[in-house]
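The values are calculated or read from the model by the stated rules, or taken from the named source; none is laboratory data. Treat the numbers as computed from the prediction; the structure is a model and nothing was measured. Every residue, glycine among them, receives a Cβ derived from its backbone with ideal geometry; neighbour counts consider all protein chains shown.
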Amino acid sequence: MDNRQSDDPAALAALRWLVEAGADEAIGEIPVDRTAPAPAAPRPAPAELAEPAARAPAPPSEAPRRPRAPAKLTAASESQADAQRLAAAANSVEDLRQTLEDFDGCPLKATATNLCLFDGNPEARIMIIGEAPGAQEDRQGKPFVGPAGQLLDRMLTAIGLDRSRVYITNLLFWRPPGNRNPTPAEIAVCLPFLERQIELLDPKLLLLTGGMSAKTLLNRSEGILRLRGRWDDYRHPRLDDPIPALPTLHPAYLLRQPAQKREAWKDLLSFSQAMERVGLAEAANGAK
């Protein structure tokens, strides 16, 4: 087999397009030819040669019923239980970081390069929660450091904020392969660690970027285009008071749909007004 690199410009252009689209990881050791015809289905045996189906013997009518054995915990359920126990034992964000470095209950960790826990100020009273790390976040181990993160920085600057005055994290802490959508089990096993971060910081305001984080934390089923711009209360299971939360469009979505930046700006203005109401505007304005 010839292992030399191809000099075909068309092949190189196709490969570059796949990498830029996020398909930068192999999921199988053997390539699959999806253009090959499907194998022919086996022909059924003639009816006269087919063996008659065996009938299971009917249970005796007077047979005593056995009690049903309790169902065993699935691996996912065990991981979620471990996550809840470990998250509750962490007394600081750095404790959470060390716990997640040692935690093997999320399968995303096996394919990710780095843990992406947070960026910004752990003592901030404004918390920004995104969805999941991308390729650059995975390489650097921080959320929102790629093109979407640069746009987020400009959005924060527009309302007098920067990363020293906010705490930024994600719903998931490891990058899904190829930026695919995470499974419900992957979200469920990361959620206790996110809830513990919120409990430790006890922020006054939440900015939820993207439909995944908004729907999960607010327990809603609508898409982000319906949720954005509508204030809601996030109710933490261990905090007495609800936290005002504003869903908005994810910066990565705004890069793909720049016409939607008008709606995001409306959300930022609403968030800025909320900062004034809760007494956070003065510290933010000091950065101008």
Checked against (1) in contact with a helix residue (DSSP H, G or I) (Cβ under 7 Å, 6 or more places away or on another chain); (2) in a strand (DSSP E or B), residue 229 satisfies every condition except (2)
Filter segment 80-129 for residues that are of a type in the set (Gly, Ala, Ser) and within 15 Å of residue 173 (Cα to Cα); the one that is nearest to the chain's Cα centre (by Cα) is 112
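State all residues of segment 204-248 that are of a type in the set (Phe, Trp, Tyr) and more than 18 Å from the chain's Cα centre (by Cα); if no residue qualifies, say none.
First pass over segment 204-248, keeping only residues of a type in the set (Phe, Trp, Tyr): 231, 234.
If the condition is that a residue be of a type in the set (Phe, Trp, Tyr) and more than 18 Å from the chain's Cα centre (by Cα), then 231 is the only one that fits.
Identify, from the list 226, 238, 230, 220, the residue that is surrounded by fewer than 18 Cβ atoms within 10 Å (Cβ to Cβ) and either within 25 Å of residue 165 (Cβ to Cβ) or in contact with a Lys or Arg (Cβ under 8 Å, 6 or more places away or on another chain) (or both).
Just one listed residue meets the conditions, 230.
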Across segment 180-190, the tally of residues that are without any contact (Cβ under 8 Å) to a residue 40 or more places away in the chain and not in a loop (DSSP other than H, G, I, E, B) stands at 2
Restricting segment 129-153 to residues that are among the hydrophobic types (A, V, I, L, M, F, W, C) and in contact with a Gly (Cβ under 8 Å, 6 or more places away or on another chain), the one farthest from residue 268 (Cα to Cα) turns out to be 135
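Report yes if some residue within segment 169-192 is touching a strand residue (DSSP E or B) at 6+ places or on another chain (Cβ under 8 Å) and of a type outside the set (A, V, I, L, M); otherwise report no. Even if it seems obvious, please write down each step before you answer.
Step one: of segment 169-192, the residues touching a strand residue (DSSP E or B) at 6+ places or on another chain (Cβ under 8 Å) are 169-171.
Among the residues that remain, those that are also of a type outside the set (A, V, I, L, M) are: 169-170.
Yes: one or more hits.
How about segment 180-196: which of its residues are over 12 Å from the mean Cα position of the chain (by Cα) and either surrounded by fewer than 23 Cβ atoms within 10 Å (Cβ to Cβ) or not aromatic (Phe, Trp, Tyr) (or both)?
192, 195, 196
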Counting only residues in segment 240-288 that are modelled with pLDDT of 95 or more and of a type in the set (S, T, N, Q), the one nearest to residue 195 (Cα to Cα) is identified as 248
Among helices (runs of 4 or more DSSP H) entirely inside segment 96-179, those with 1 or more residues being among the basic types (Lys, Arg), surrounded by fewer than 20 Cβ atoms within 10 Å (Cβ to Cβ) and touching a residue at least 24 places away in the same chain (Cβ under 8 Å) are 108-111, 135-140
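In the list 237, 143, 203, 184, which residue meets the criterion of being of a type outside the set (D, E, K, R), at pLDDT 95 or above and farther than 21 Å from residue 121 by Cβ? Spell out how you get there, then give the answer.
Values: 237 fails: at pLDDT 95 or above; 143 fails: farther than 21 Å from residue 121 by Cβ; 203 fails: farther than 21 Å from residue 121 by Cβ.
Result of the check over 237, 143, 203, 184: 184.
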